[in-house]
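Each remark here refers to the structure printed beneath this line.
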């Protein structure tokens, strides 16, 4: 079977740059209102999602055999259609959206840091495209909580659900996931992105181009966009989000450096200030981490050079939050962002002053 190279690990925050298998760098599939701090859905895959996706082209993979032992080519598929233009959100847009949704969901006990820390994990991937559209809507709503809730429910009346029990669903192109924090369905119309809704191999509802067989799907490039097969769903990843380009070779498309051919031995990966230099995906890379995630720098990621949060005062990760207690500094929420303990102004977003939750672990802006 054809096994394409991994996409250069777009998630520089998780594993540096490059290497791995197609699933090593998969982002969280949840797309709930807490901007990527939701768990994957636990529902069974939808049988209807198994239909062949339009625009795939048949071909022959590298190996295979028949019952008599004669070598024959195994069928493979590759996306042969167009891909929509998908937008990336900025870090400021993401943080503002996190702060606004937290203010409007007083019942959410999680730290603000569970949401704000997710940016580096999601930008340039399927969940990032979904949340970019949601963030635009949320930020346009300002401090109007009714409008913000409409952004999260696709304008529908909020539907109660049971977190960790209610399965993800696809109603045509409309994605539905149960928010762990608010216990209502997050609803998003994937058609807004020019995509459809599909249940992946983990039962998570995601926006994608169609369904695919990971064993036979050939990854490809559309400009600097990788068209991949991620847990049975044809997905997009923007190499430019990690300062790379999409490159195709005899194994398929993948994210790689923008320079000339190289090997790990001829051009080992290393740091030069904020920049990651070295061979990624067979070509030389020169990545400014501050361009990938504002304020980030180059540092050690599991023994290799990669983009990392620059601060050493605290640590925050999606889902789990930070290792500090959030607090208030006047009107601002004091939280962990980029490894620093710092105030995030509520007033600057037109929100009400900071309040600490009864647990003493989390704080958020209020509604004016």
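Rule-based calculations on the coordinates, nothing more; no lab input. Given the structure is predicted, the values throughout are model-derived calculations rather than measurements. FYI the Cβ positions are ideal-geometry reconstructions off the backbone, even for glycines, and counts take in every protein chain you see.
Some observations on this one:
- A convex hull fitted to the Cα coordinates of segment 222-368 yields 169 cubic angstrom per residue.
- Whole-number D in µm² s⁻¹ for segment 183-249, Kirkwood Cα-pair radius fed into Stokes-Einstein, 37 °C, 0.692 mPa s: 253 µm²/s
- Prolate/oblate/rounded call for segment 270-324, Cα gyration tensor, a/c under 1.5 rounded: prolate
- Peptides 238-248, 181-191 ranked from most to least packed, by the mean per-residue count of other Cβ atoms within 10 Å: 238-248, 181-191.
- Whole-angstrom gap from segment 319-340 to segment 138-200, using each part's C-alpha centre: 27 Å
- Cα-based values for segment 136-241, radius of gyration first and Dmax second, are 15.6, 48 Å.
- Mean Cβ neighbour count within 10 Å, used as a protection proxy, ranking 171-177, 227-233 highest first: 227-233, 171-177
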